[in-house]
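Reviewing the structure listed below.
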Amino acid sequence: MQKSFKPLFEQYDWSAVQQRIARCNAADVERSLNKKTRDLSDFLVFLSPAAKPYLEQMAVLSQQSTIQRFGKNIQLYAPLYLSNECQNICTYCGFSMDNKIRRRTLSDAEIILEAQALRAMGFQHVLLVSGEANHSVNTAYFLNALRLIRPIFAQISIEVQPLSVEEYIALQQAHVNAVLVYQETYHQEVYKNYHPKGKKSNFHYRLDTPDRIGEAGMHKIGLGVLLGLEDWRVDSFFNALHIEYLQKTYWKTKYAVSFPRLRPAEGVEKANFMMEDADLLQLICAYRLWNPDLELSLSTREHEMFRNHVIPLGITTMSAGSKTNPGGYVVEPDSLEQFEISDERPVELIVDRIRAVGYQPVWKDWQTEYTG
Ligand code: SF4
């Protein structure tokens, strides 16, 4: 029988978690900081407003822990958007089905052109991204795209619609190394407001997706919430609870967390819950202090200054030079993006910056031959 996070998830109540976070005090923070090994209750303490005055101390410990486990390395990757077709309505996304934009799905020749452009920039790790359009951009389409790009990249990750165990096995056999799937928010009562139409409106099907990826034996699973939809502290606690469950259940798999903050996009309103830069740094450090093995990934959604600042403070992975529209690198640079990116520097400048703070840019930490 398929394992599920749902029974554990249902033991927790959103408001009760929110109150626990609000009740944390300075003594709790100091106790958690002084521990050698930490658990989820420490993570909850580090998320709290009470931990804010300890941010510098948290950052120092986060830096030390990251160097110990990952060295002074920053993995680089770039997204390759395959399609902006989507059968879902998501109120925060430029590709939402109700947005009247020109839809485009890359052809074989276009996929190869985009892939070659990224390879020419130095990338060996690509993240394939698409909207959720099962009639045209489905597993058969992905398997074909994988066949086309496999000779070009050493490492392939994918962020597409939730699939079945069998489909994830097929992707893995086609040399996919990691699958990313974000719950967006764990606040079940309001989830439907953000996802009123389409398959994504099924909260529990999405919640069980990492279980299906784990069951398929994927090498790495990436999780995250869309920061700005709901209270980021509570959502991040549930995301960590999910990761802890997965690590115990699919212990051979590696895990990564991303930190997408809600960005402006065509037809999209502003974030409901503002998250300041200091809050995001606190969240990154909280994850690191709780879980030394997690890969922590920061995209070009974040602005240049912030990205420069956090390179040595816990992050292990960064995107660079990103385009969030299908064909955005060479085929059709002016098509509509999924969201506005903030760090628009060319890859060379990001690489220079990583080196300038004493870190090594890593273009791949995998080889497609290891999978499949
Ligand atoms: S977030 Fe994903 S599923 Fe939702 S509208 Fe955008 S592309 Fe489609």
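The values are calculated or read from the model by the stated rules, or taken from the named source; none is laboratory data. Please read all numbers here as calculations on a predicted model, not as lab measurements. Note that we place each Cβ from the backbone using ideal geometry, even for glycine, and neighbour counts take in every protein chain shown. When the accessible area is computed, the model is the full protein with side chains, heavy atoms only, and any ligands, DNA or RNA have been set aside. Shrake-Rupley method; radii C 1.70, N 1.55, O 1.52, S 1.80 Å.
What full-extension length gain, to one decimal in nm, is calculated for GLN19 and PHE273 as 0.36 nm per residue of separation minus the Cα-Cα distance? If you can, show how the numbers build up before the last one.
Values: separation 254, 0.36 × 254 = 91.44 nm, distance 1.71 nm.
Length gained between GLN19 and PHE273: 89.7 nm.
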**Prompt:** In what sequence, highest mean first, do 194-200, 127-133, 1-7 appear when ranked by Cβ atoms within 10 angstrom?
**Reply:** 127-133, 194-200, 1-7
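Give me the tail of P(r) for region 1-101 as a percent: Cα-Cα pairs with distance above 15 Å. Walk me through the intermediate numbers first.
Working: 3851 of 5050 pairs.
In whole percent, the long-distance tail amounts to 76.
More than 27 Å apart: what percent of Cα pairs in region 143-280 qualify? Mind showing how you got there, number by number?
Details: 2422 of 9453 pairs.
Of all Cα-Cα pairs in region 143-280, 26 percent lie more than 27 Å apart.
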**Request:** State the percentage of accessible surface on the chain attributable to carbon and sulfur atoms; use a 1.4 Å probe and exclude ligands, DNA and RNA.
**Result:** 50 percent
**Complete:** Quick note, region 95-197: a/c under 1.5 would make it rounded; otherwise a/b > b/c is prolate and the rest oblate (a ≥ b ≥ c, C-alpha gyration tensor); here it is prolate
**Prompt:** Percent antiparallel among DSSP beta bridges with both residues in the chain, to the nearest 5?
**Reply:** 10 percent
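Going by average Cβ density within 10 Å per residue, which order do the peptides 136-144, 80-88 take, highest to lowest? Before the final figure, lay out the partial values.
Details: 136-144: 16.9, 80-88: 23.3.
Answer by packing, highest mean first, reads 80-88, 136-144.
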**Request:** Would you mind checking LYS100/LYS197; LYS52/LYS72; LYS197/LYS220; LYS3/LYS192; LYS100/LYS199; LYS35/LYS248 for any pair whose Cα atoms are more than 18 angstrom apart?
**Result:** LYS52/LYS72; LYS197/LYS220; LYS3/LYS192; LYS100/LYS199; LYS35/LYS248
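Determine the per residue accessible area of the chain with all protein chains present and a 1.4 angstrom probe, expressed in square angstrom.
Working: 15170 Å² over 372 residues.
Accessible area per residue, the chain: 41 Å².
Could I get the Rg over Rh figure for the chain? Both from C-alpha atoms, Rh via Kirkwood, rounded to two places. Don't skip to the answer; put the middle values down first.
On the way: Rg = 19.6 Å, Rh = 20.9 Å.
Dividing the radius of gyration by the Kirkwood radius yields 0.94.
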**Prompt:** Near CYS90, within a Cβ-to-Cβ distance under 10 Å, what is the net charge of the other residues, with Lys and Arg +1 and Asp and Glu -1?
**Reply:** -1
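I need the peptides 276-283, 288-295 ranked by packing, meaning the mean over residues of other C-beta atoms within 10 angstrom, with the highest value on top.
In decreasing order of mean packing, 276-283, 288-295 become 288-295, 276-283.
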**Request:** Name every cysteine in the chain that ends up alone, with no second cysteine's Cβ under 4.7 Å, or say none.
**Result:** CYS24, CYS86, CYS285
